[in-house]
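Working notes, beginning with the structure itself.
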Amino acid sequence: MSPQDKSSTSVDQDKAADGPGTGNNVPALVVSGFLGAGKTTLVRHLLEEAQARGGRIAVVSNEFGELGIDQALLGNQAGPGYVELEGGCVCCKLSDEFVTTLQRIHEEVRPDRVVVETSGVALPFDTLLNFWREPVSEWVGECLSAVVVNAEQVAEGRDLEGTFEQQVSSADLLILNKLDLVPSEQRDRVRERVQGLAPGTPVVPAVQARVSTPVLFPPDPGSLPKRAARPPAHEPHTHEAFEAEECVVEQGIAPETLVRRIQSRNALRAKGFVQTSDGLRLVQGVGPRVDLVVPPVNPPEHLLGRIVLIRRSGSLQ
């Protein structure tokens, strides 16, 4: 399926008056972070703020699985400026499609800001490098990589090597999310551990990934100097290989049975919609934690009873 076929809603339909980033100095934000850190929640907040101010924010979302769950979660916030790229990472496998998609969005939507939500296994710096490629480099201005970090994952010492460490160490800004899941007496230690992986990188504490837009985007992009014509020197990357598997769940399953079934699969991440005996639930699994919550939107019927599970495949690529 082409990116055109996957378009759905994230820009104000009336196309309000041009904002300070419109034209040839459009700021871009790459939102990265390990599986289940809260990236989609952050993007949803950014879309809400953009709609409130009448802005035109374009979103490219990169899912590792191929069900389109993130697009369903954004509901009617998605639109002509929302495109979902599935089945690989925009930092490598889908990089050419990513650049083509960015250029099409620029020509058709003319956004004043661009947000790229990478998959949980992608590397932010390698994604940013695509903004130096023509023709995108002709209109993109300031670029920032914000990496969302699951504070509970850090507190428990889970999966803090490999991809996680690479993501954190290459961030321009770290968002220490889910602090409400960490006992207060452990929060300073968690922050110190994260800062130890990225000395000097600003760390913003957050709950439910709520971060003010001015923290992530320059308040006056038009006043910023144009980026350097060439990207910083960077060696080709390798990252861990992951695999996605779909788990089909029967309607009316008991919540406790569903949780046990997902936990038995030992996945790093689980995400999907299930009609349980207690009603429709959004499944959000991160490591051993599996939460069943009432979804913020009603998903398309074809997504019901389908859960994407992501795990390491044990090799490098």
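The values are calculated or read from the model by the stated rules, or taken from the named source; none is laboratory data. Quantities reported herein were computed from a predicted structural model and do not represent experimental measurements. Heads up, the Cβs are rebuilt from the backbone with ideal geometry, glycines too, and the neighbour counts pull from every protein chain shown.
Numerical summary
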{"read-out": "Considering residues of the stretch 12-68 that are under 15 Å from residue 114 (Cα atoms) and among the polar types (S, T, N, Q) only, the residue modelled with the lowest pLDDT", "value": "22"}
{"read-out": "Matching residues, the stretch 264-284, being touching a residue at least 40 places away in the same chain (Cβ under 8 Å) and either assigned by TED's automatic domain parsing to the domain that holds residue 154 or over 15 Å from residue 242 (Cβ atoms) (or both)", "value": "272, 273, 282, 284"}
{"read-out": "Leading residue by the ranking (surrounded by the most Cβ atoms within 10 Å (Cβ to Cβ)) among those in the stretch 268-305 that are of a type in the set (S, T, N, Q) and modelled with pLDDT of 90 or more", "value": "276"}
{"read-out": "Matching residues in the stretch 285-304 - criterion: being touching a residue at least 12 places away in the same chain (Cβ under 8 Å) and closer than 28 Å to residue 241 by Cβ", "value": "285, 286, 287, 288, 289, 290, 303"}
{"read-out": "Strands (runs of 3 or more DSSP E) within the stretch 260-317 that include 3 or more residues touching a helix residue (DSSP H, G or I) at 6+ places or on another chain (Cβ under 6 Å)", "value": "269-276"}
{"read-out": "Selection count where residues are surrounded by fewer than 24 Cβ atoms within 10 Å (Cβ to Cβ) and of a type in the set (Val, Ile, Thr), scope the stretch 41-54", "value": "1"}
